[in-house]
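Reading through the structure tokens given below for one structure.
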Amino acid sequence: MAQEVTLTVDNFEEEVLKSPVPVLVDFWAEWCMPCKMIAPALAEMAQELDGKLRIGKVNVDDHGELAQQYSVVSIPTLLVFKDGSMVKQHVGAAPKPTLQKIVEPFI
């Protein structure tokens, strides 16, 4: 059973940039209602796409330097990384079908 990975400055390179499969990185915060709205869909996708896609979460309150590094100015921001590079960005909450369309070209 796949689960979402909590990303930090210390593990970002290993978990995202060196990942053998594409990674959807969710920049979120505890106080962000739109972030909470998409969380269940992301958790489902982590299980459904196990082995094809990883989902990582960056709490911007705890790891603001990562948000700054990737120019995240509003949350939720979803970034798709493939082969160590950011290949797609989506800002704002979206229903699960839209979230799936964001990652489909890369898996």
Exercise. Could you say whether any residue in region 1-24 is in contact with a Pro (Cβ under 8 Å, 6 or more places away or on another chain), closer than 15 Å to residue 98 by Cα and crowded, with 18+ Cβ neighbours inside 10 Å?
Worked result: no
Exercise. Has region 89-97 got any residue that is under 10 Å from the mean Cα position of the chain (by Cα), under 20 Å from residue 3 (Cα atoms) and at pLDDT 95 or above?
Worked result: no
Problem set entry | Residue among 9, 80, 103, 25 that alone is in contact with a helix residue (DSSP H, G or I) (Cβ under 9 Å, 6 or more places away or on another chain) and in a loop (DSSP other than H, G, I, E, B) | 9
Exercise. Looking only at region 52-63, which residues are under 11 Å from residue 29 (Cα atoms) and not hydrophobic (A, V, I, L, M, F, W, C)?
Worked result: 57, 59, 61, 62, 63
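Select, from 78, 66, 49, the only residue that is crowded, with 19+ Cβ neighbours inside 10 Å, over 14 Å from residue 27 (Cβ atoms) and not acidic (Asp, Glu). Before the answer, list the steps.
Working: 78 fails: over 14 Å from residue 27 (Cβ atoms); 66 fails: over 14 Å from residue 27 (Cβ atoms).
49 is the lone residue from the list that is crowded, with 19+ Cβ neighbours inside 10 Å, over 14 Å from residue 27 (Cβ atoms) and not acidic (Asp, Glu).
The values are calculated or read from the model by the stated rules, or taken from the named source; none is laboratory data. Note that the structure is predicted; figures quoted are calculated from it, not measured. In this analysis, Cβ positions are derived from the backbone assuming ideal geometry, glycine residues included, and neighbour counts consider all displayed protein chains.
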